[in-house]
1. Looking at (1) assigned to a helix (DSSP H, G or I); (2) free of Cβ contacts under 8 Å to residues at least 60 places away in the same chain; (3) surrounded by 15 or more Cβ atoms within 10 Å (Cβ to Cβ), which one does residue A:409 not meet, given that it meets all the others?
2. Considering only residues of segment A:4-22 that are within 7 Å of chain B (Cβ to nearest Cβ) and assigned to a loop (DSSP other than H, G, I, E, B), which is surrounded by the fewest Cβ atoms within 10 Å (Cβ to Cβ)?
3. Would you mind stating whether residue B:16 is within 7 Å of chain A (Cβ to nearest Cβ) and either without any contact (Cβ under 8 Å) to a residue 40 or more places away in the chain or surrounded by 10 or more Cβ atoms within 10 Å (Cβ to Cβ) (or both)?
4. Return the residues of segment A:169-209 that are closer than 19 Å to residue A:128 by Cα and either out of contact with any helix residue (DSSP H, G or I) (no Cβ under 7 Å at 6 or more places or on another chain) or outside any loop (DSSP other than H, G, I, E, B) (or both); say none if nothing qualifies.
5. Here is a list: B:80, B:59. Which entry is more than 7 Å from chain A (Cβ to nearest Cβ), surrounded by 10 or more Cβ atoms within 10 Å (Cβ to Cβ) and closer than 30 Å to residue A:51 by Cα?
6. Are any of the residues in segment A:148-162 touching a helix residue (DSSP H, G or I) at 6+ places or on another chain (Cβ under 6 Å), within 14 Å of chain B (Cβ to nearest Cβ) and over 30 Å from residue A:202 (Cα atoms)?
7. Among the residues of segment B:64-90, how many are in contact with a helix residue (DSSP H, G or I) (Cβ under 6 Å, 6 or more places away or on another chain) and part of a strand (DSSP E or B)?
8. Among (1) within 30 Å of residue A:178 (Cα to Cα); (2) exposed (fewer than 14 other Cβ atoms within 10 Å of the Cβ), which single condition is residue A:427 missing?
């Protein structure tokens, strides 16, 4: 039997506000335990939460980017459960009236086609603290610095049909939140976390199968492996005539397997109810307009513009707009020269290669985009050859100044003086009488040999086209 | 709506309350009476009335994203039954 997998993702995005969602405590990562946990975050009696405007603004920003409905009125609810890293005994979240309603996102598939994925909703909530289970005799240590950090949970429709599509969705959302600058996107630090709902059904069937929820698959690589593994597991059970229990499973990256964390039997009953400490959030059209006026150009629009404005291929435009920083770098480099296509090649090949080799991000490049563009301009205007440009690039990388400084200091300027090239050509002809005879006897291939010799004699600086022309003319 | 013994056990579990098996019939009866009392509200015609999330007819005030925090860790941890290395200590919890 042929099976179809059905996947929906719930992604928790940590909003990069300065302070918590309901308190004025800082959200900086890596502080000493509990130094950033205020009375509100600790759930002390008598405290009242006050909503952070920036968190609302960031949520609306994402809503606009997803073409989603922004609720003019939404409500916070209490989600009740007991765990020591949740001091109040409830998490403030949103339930039936979320801030962001249905929207959509386009993802690009391997075959180059585009698929539209529905987003069910996105809601604001607070993060919990962290439990540390090691280092204490029969005790767990609780750090509440993270408690109250604003999260936006983005829930997709069950529109994804393979692990690859799920990864494409996750990557696209990651790119969007980075473009919007509402989340630092750091997956190691947990700023971007993913839970996946996975089920399988016989191909062609309309009903969904029972789903398993995979918790915390927090890297692009793991999400693909975890989902693929879960799909195989479920198909195996179904083909053996078994049924899938609804449960929460945890992915173990070391063993590449998922295992039961808790079953939904005696279903989690969170007893949601509106939080009486918080009034409904009202978002006015003026507020939305204000957020809209602050929206950057989004990845899809930027990619389309790179194709039309710079004449780049769809693939190149896709690579260069994969992150906002890379796109900014490229545009600055392209703006500093007259050949945007050549600039694209340099950014994607030499520069990216050099950055990868040293494990650097684009923002840490030792060569500024202005300098790279300046060097490309020297190739375009014929001052240096493409081959010499690589030497100039290396020197700039090593901190030897801008392109003009390097070219001047190292005497790399391309030789275009005809008489100078003629002199070199004459010498090469004089030193290789045998090859000259062979060439003149009809062995045309030897032209390359002569070109090579002249280039060598010039230290790579002779203009190759001129060398070619002069050689042909002199060899007759 | 009348609650049965199992529902009482479930509610007690959700609230993490240890209750005596012998008291369950009493709880079931009392809780059922509370529910029946509140149930009277169901007889009001609410057709066309927008559900209310809060009794105050006001919207949430928003706070500027500015740090106003004063670190009071030592004061708070003095109130806790156990703390070590800046962490609050609780009986070990590991989800299986």
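The values are calculated or read from the model by the stated rules, or taken from the named source; none is laboratory data. Source: prediction; values computed, not measured. With ideal geometry, Cβ positions are generated from the backbone for all residues, glycine too; neighbour counts draw on all protein chains shown.
1. (3)
2. Within segment A:4-22, the subset within 7 Å of chain B (Cβ to nearest Cβ) is A:17-19.
Pick out the ones that are also assigned to a loop (DSSP other than H, G, I, E, B) and you get A:17-18.
Details: A:17: 19, A:18: 15.
Per the stated criteria, the residue is A:18.
3. On the way: within 7 Å of chain A (Cβ to nearest Cβ): yes; either without any contact (Cβ under 8 Å) to a residue 40 or more places away in the chain or surrounded by 10 or more Cβ atoms within 10 Å (Cβ to Cβ) (or both): yes.
So residue B:16 passes the test.
4. Kept after step one, since they are closer than 19 Å to residue A:128 by Cα, are these residues of segment A:169-209: A:183-195.
If the condition is that a residue be closer than 19 Å to residue A:128 by Cα and either out of contact with any helix residue (DSSP H, G or I) (no Cβ under 7 Å at 6 or more places or on another chain) or outside any loop (DSSP other than H, G, I, E, B) (or both), then A:184, A:186, A:187, A:188, A:189, A:190, A:191, A:192, A:193, A:194, A:195 are the ones that fit.
5. Numbers: B:59 fails: more than 7 Å from chain A (Cβ to nearest Cβ).
That would be B:80, the only listed residue that is more than 7 Å from chain A (Cβ to nearest Cβ), surrounded by 10 or more Cβ atoms within 10 Å (Cβ to Cβ) and closer than 30 Å to residue A:51 by Cα.
6. Within segment A:148-162, the subset touching a helix residue (DSSP H, G or I) at 6+ places or on another chain (Cβ under 6 Å) is A:148, A:150, A:152, A:160.
If we keep only those that are within 14 Å of chain B (Cβ to nearest Cβ) as well, we get A:148, A:150.
Retained after the next criterion (residues that are over 30 Å from residue A:202 (Cα atoms)): A:148, A:150.
Checked against the condition, which is being touching a helix residue (DSSP H, G or I) at 6+ places or on another chain (Cβ under 6 Å), within 14 Å of chain B (Cβ to nearest Cβ) and over 30 Å from residue A:202 (Cα atoms), segment A:148-162 yields at least one hit.
7. Total satisfying the criteria: 1.
8. Here residue A:427 clears every test but (1).
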